[in-house]
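Encoded as structure tokens, the structure appears first; notes follow it.
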Amino acid sequence: MAGVYTSIRPSHSSNQGFASRLLFLLTALPLTLAAFAFILQWRGGLNDPTTRWSTDTLEFPGMGTSPPTDHLSHFSSDCSELLGHSSSASFPYYRDWKFNYDSDLNPKICITTSTSAGLEQILPWLFYHKVIGVTTFFLFVEGKAASPKVSAILESISGVKVIYRTRELEEQQAKSRIWNETWLASFFYKPCNYELFVKQSLNMEMAIVMARDASMDWIIHLDTDELIHPAGAREYSLRQLLLDVPGNVDMVIFPNYESSVERDDIKEPFSEVSMFKKNYDHLPKDTYFGMYKEATRGNPNYFLTYGNGKSAARVQDHLRPNGAHRWHNYMKTPNEIKLDEAAVLHYTYPKFSDLTSRRDRCGCKPTKEDVRRCFMLEFDRAAFIIASTATEEEMLRWYREHIVWSDKALNMKLMRKGILTRIYAPMAIVQGLRESGVFSSVIASAQTSLSKDKFLSSNKTSNSSRDHLASSETTLATRKMGKIKVSQATARRVLEILDDTASAYAVAAIPPLSPPGMDDDDLKREEEALLL
């Protein structure tokens, strides 16, 4: 027994030694790995995923490193609120976004617009559309948009082409094809909205040529108070939406939704408005007509302004504008489709100041007879008369009654019926761009990147534009208002080069149209049939 006992003891001791060594290794290994990882990260050899979205540097097309904010003090006052942003951005996901305009974007999409807005409206509009896939912008600028400081910033942004309304431009457009044709003729000889409609059409004609030269696939005419909402695509992308359009389709129609503001103190519509009224085309007919009076709230129509949407056209041979809302073709009737989910979000009178701004841009008399010469839609006429004749307090009361949706019970009722809807994506994108410093950075970058000679040249060009603007506008208005010689009037005719085939497709331009009304005979019969 004693011999057996002594033979077992060495084995027991060796087991204890092995266990001790194993325990030591298990303790030391994690500590060693942790120390190794610490050394690697300290030396910069290991990337922490949580640091990928650092906002120390904000890169975006047309942007560079931002100088100190005191460099911005001399920019126009309309940008003061636009420049403010937190140094710790809450939505910093635009940091490393880059758009390669020359290669991998397919299809290539351009937007053309005619604008006199300031940077506080143009920059959010422009960069929002960059985010959803637009590559190129043709900006026909007047007024505030053509001022030296604003235009210099716009010209510094990649993919943006700025065209000033100079005397040379007016003369060139006076010789253009559509100026001498009849399909636009009914919009001549009238001021204000009609004059703008003609300018937009002439600018769109020039934009088609520029789009072809830039190898664009699609062209869209859009105002700077409108945002495209690419719902229905596999991703929130206009590029993806148009990529899925069949190859035999020439034109895509986006029904418009109209903003429904819930306050009278909106400052930045793209960031503050989320409620919209759906288009007739996106609603069941029984819902539309059944809730028509409640949705209209005593206004002349279901929408305050137009209801026939906007469109995108393939850039192809013989393409021409057909007014600000549609495109056409000289040699064929375009094959068009209307989208079931995507829309154009129209921010209509979102700010109280929009009442007076429209009044200030038009010199018509505030009478029912005269406003018909100036405005195509009934609500615009009523708004102009109020802004021209009422006191500030009366205007505000009218604005609240006719534009602001403050009745929460009614809003919820129309929401449940599907007439009103919430759309948050544009708001989130624009807020993210602002908080990430995109707008302030592009403004600051424009100042530092432009050389002194280029900046002075830009100022000279813009000043020259303004010098020529009064005379050129007089020239254009004179042609449109009928104060012209007979030889000039007879020059505006269908060109002799148009053959019979082309003439057959020269249909009249489509103006901004109101949505269907209860007094429309065909639709009234349709409503009665639904009730039966």
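The values are calculated or read from the model by the stated rules, or taken from the named source; none is laboratory data. Only a predicted model underlies this, so the values are computations on that prediction, with no experimental measurement involved. Every residue, glycine as well, gets a Cβ built from its backbone with ideal geometry; the counts of neighbours run over all protein chains shown. For accessibility, only protein heavy atoms count, side chains too; no ligands or nucleic acids. Shrake-Rupley method; radii C 1.70, N 1.55, O 1.52, S 1.80 Å.
Within the stretch 274-306, whose backbone N sits under 11 Å from a point 7 Å along Cα→Cβ of residue 411?
Inside the label zone: 274-276.
To the nearest 0.05, how large is the calculated FRET efficiency for residue 318 and residue 185 if R₀ is 25 Å and r is the Cβ-Cβ distance?
0.80
Ordered by packing density, taken as the mean number of other Cβ atoms within 10 Å over each peptide's residues, highest first, how do 350-359, 152-161 rank? Spell out each step's value before the answer.
Details: 350-359: 17.7, 152-161: 20.3.
Sorting 350-359, 152-161 by mean packing, highest first, produces 152-161, 350-359.
Considering only protein heavy atoms, what per residue accessible area in square angstrom results for the stretch 109-439 with a 1.4 angstrom probe? All intermediate terms of the calculation are to be shown ahead of the outcome.
Details: 11900 Å² over 331 residues.
On a per-residue basis, the stretch 109-439 sits at 36 Å².
Placing unit charges on C-beta atoms (Lys and Arg positive, Asp and Glu negative, everything else neutral), compute the dipole magnitude of the stretch 109-439 about its Cα centre in debye, rounded to 20.
Details: 43 positive and 42 negative charges, 75 e Å.
Roughly 360 debye for the stretch 109-439.
Could you tell me the relative contact order of the stretch 109-439? Use alpha-carbon pairs under 8 Å, at least six residues apart, and round to a whole percent.
Numbers: 518 pairs, mean separation 74.7, N = 331.
Over the stretch 109-439, the number comes to 23 percent.
Under 11 Å from a point placed 7 Å out from the Cα of residue 390 along the Cα-to-Cβ direction: which residues of the stretch 349-374 have their backbone N that close?
355-356
When the accessible area of the stretch 150-255 is computed with all protein chains present and a 1.4 Å probe, what percentage of it is carbon and sulfur?
Values: 1720 of 3630 Å².
Summing carbon and sulfur atoms, their accessible area is 48 percent of the total for the stretch 150-255.
Along the Cα→Cβ direction, 7 angstrom out, place labels at residue 285 and residue 263. What is the inter-label distance in nm?
Here the modelled spin labels are 4.1 nm apart.
Taking the Cα-to-Cβ direction at residue 31 and at residue 175 and moving 7 Å from each Cα, how far apart do the two end points lie in nm?
Label-label distance for residue 31 and residue 175, simple model: 8.8 nm.
For residue 338 and residue 365, FRET efficiency with R0 = 45 Å and r from the beta-carbon atoms, rounded to 0.05?
Values: r = 39 Å, r/R0 = 0.86.
Efficiency for this residue pair is about 0.70.
Calculate the radius of gyration of the Cα atoms of the stretch 109-439 to one decimal place, then report Dmax, the largest Cα-Cα distance, as a whole number, both in Å.
Over the stretch 109-439's Cα set, Rg and Dmax evaluate to 19.6, 56 Å.
Suppose we take every Cα in the stretch 97-241 and form the convex hull; what volume per residue is that in Å³?
Working: hull volume 19.1 nm³, N = 145.
Enclosed volume per residue, from the Cα hull, is 132 Å³.
For a quick protection proxy, order the peptides 248-261, 284-297 by their average other-Cβ count within 10 Å, most packed first. If you can, show how the numbers build up before the last one.
Details: 248-261: 21.3, 284-297: 16.3.
Ranking the peptides 248-261, 284-297 by packing returns 248-261, 284-297.
Please go through the residue pairs 144/190; 108/175; 310/365; 277/332; 278/351; 161/365 and name each one whose alpha carbons sit more than 26 Å apart in this structure.
The answer is 108/175; 310/365; 277/332; 161/365.
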